[in-house]
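Before any comments, here is the structure.
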Amino acid sequence: MSKPVPPFQKGSSSGRSKSSQRTWRSPRQVEHYWTFYKKGLYVSKPSSGMPGWLLPLLAFLVLSALIFWAAPLAVSRLQARHQDNNQTDLTEPAQMYDAATRVVIRPAADVFAAPDLKAGRLSQVLFNEPVTLLPESCPYGYVAVTLQDGLSGYMMEKDLTDATDSVEPAGYAYKAVVVNATKRVMSHARRGTLLVEVMMGTVLYIPYRGSGIAQVALPDGTSGWISDEGVVILPSLDRIKPPYEPRRSFCTSALTFLQATTLAEGQTIDGISMAGIVRLSAAVNGLDLPRYLDGLTGVGQAVETTADEQTGRIDLAVLESADLLILSAPGKPDAEADLAIYLGENQILYARPGQSSVQVMDLSQAGDIWDRIMAVRRLFP
């Protein structure tokens, strides 16, 4: 009769069951691990294959999108909806110009006394300046117009456009007034091509203003870009205010036309009259003046002058810079014929009759001009 095997010895017998193999296993010996080490085998924790930094990065990107894109977009839509609700009862801004308005599309366009190129030049109008059509029948290519200051004449139809969006102040927050002799309008804010070069006194309205640059509306329906240099930028409905030192500023603007070619009734650096210099220099310094000599003889204040008994010449000591000198015609002391700008220290800005350019002259060395001074008008008391 065989002796029964104790239960605690069943695990060591060759006939142990599969269930006992799953539930209990003898510890491995040190020699077993040493065998793994000599073979270069290691046991590591299984990984998913995803880098540990990827999940935080994704979370950061999602959070950034919510902060910098989704949230501002939601706020802007709420604001727009709120503004729409508040403006349902508001009307469109009043338009200043009507269907009879035309806008100049050239840097400067001539205004003639008759619908003929051979007719005398009355004046010039500047780029983006509005004029009003008159109900008058004209030869082909010409139209009758009235300028903003009331002057009526004739212009070439090709110099004008019927689009008025570029001159409606209500459509813009700002405008730029050119105070340099010329100003370039470019196709792009940086390194663009030249679209047009406009003249002193030109007014351009601004749909967008950035740091040192501004986008300006053009009369052909497009837009261009200018820098802030050489322009005065102000609210679209405001006027230029006189500077702190108006006399000095006026003379500086007038000297911009030194050596400029003279042109009867000209209004630009490409061709200028003395009356044009006075008008433009005043305009960019906050003072509106007439276009012609007969209007300029009554502007400002009259300066009381005294004449030397021997020479008959006025005492220059009473003059101040920026004064206008009304000159008589040579040999006709009672006929107002021309004007000059007094710069101070006996210097004047003037173009002699028949002279091709504007010059600075010393009255003490130009006695013939000194003799012709009829009156003095002070623009800036």
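Computed quantities for the displayed model
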| quantity | calculated |
| --- | --- |
| Using a Förster distance of 45 Å, the FRET efficiency for LYS241-THR261 (Cβ separation, nearest 0.05) | 0.90 |
| Charge dipole (debye, nearest 20) of region 101-162; +1 at Cβ of Lys and Arg, -1 at Cβ of Asp and Glu | 140 |
| Extension reserve of the THR193-LEU57 stretch, reckoned as 0.36 nm per residue once the Cα distance is removed | 44.6 nm |
| Where a label projected 7 Å from the Cα of LEU234 along Cα→Cβ would reach, residues of region 173-212 with amide N under 16 Å | 173-180, 201-206 |
| Residues whose placed amide H lies under 5 Å from that of ARG313, excluding near-sequence neighbours | ASP308 |
| Gain on full stretching of the segment that runs from ASP368 to SER356 - 0.36 nm per residue minus C-alpha separation | 2.5 nm |
| FRET efficiency estimate (nearest 0.05) - Cβ-Cβ, GLU336 to ASP220, R0 45 angstrom | 0.60 |
| Approximate spin-label separation ALA99-ASP162, in nm, with each point projected 7 Å along Cα-to-Cβ | 0.8 |
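Where a number appears in this text, it was derived from the coordinates with a stated rule and is not lab data. The structure displayed is predicted, hence computed values, not measured ones. Counting neighbours? That spans all protein chains shown, and the Cβs are built from the backbone with ideal geometry, glycine included.
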